[in-house]
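For reference, the structure discussed in these notes is given below.
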Amino acid sequence: MPDQFHHSPHPNWQHRALCRGTDTDMFFSPEGERGNVRARRERAAKQICQDCPVLADCRAYALTATESYGIWGGMSETERARHTRRTRRPARPRECGVSTDPLTWRIRTPRA
């Protein structure tokens, strides 16, 4: 078993995956695949993932190992990249209650 599979809290998760033994072409896009053909293939792969008992382990592995290709844990490479960007992005000033007006960003100290 390759070392990369040890990123998961349950190292034998892949042996219980519903995709085990399935043609990997369903989970990985052939070169040049686009549009409706790609969308149908991804939906079929995600349908298998939906009922998989190790969905969370597979997804955690893919996000931790930064898998660049294929459907892993019910997520496409685009969805994983979007998830990673969203979870690593610092909060915007509005989200953390700080004014968006740069003129009010000065440090204010109480007067004695």
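One table, with the values for the structure above:
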{"quantity": "Residue that is nearest to residue 12 (Cα to Cα) [pool: residues in segment 53-71 that are among the small types (Gly, Ala, Ser) and without any contact (Cβ under 8 Å) to a residue 24 or more places away in the chain]", "calculated": "56"}
{"quantity": "Helices (runs of 4 or more DSSP H) lying entirely in the chain (those with 2 or more residues that are crowded, with 17+ Cβ neighbours inside 10 Å, at pLDDT below 95 and of a type in the set (Gly, Ala, Ser))", "calculated": "55-64"}
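The values are calculated or read from the model by the stated rules, or taken from the named source; none is laboratory data. Computed from a predicted structure; not experimentally measured. Heads up, the Cβs are rebuilt from the backbone with ideal geometry, glycines too, and the neighbour counts pull from every protein chain shown.
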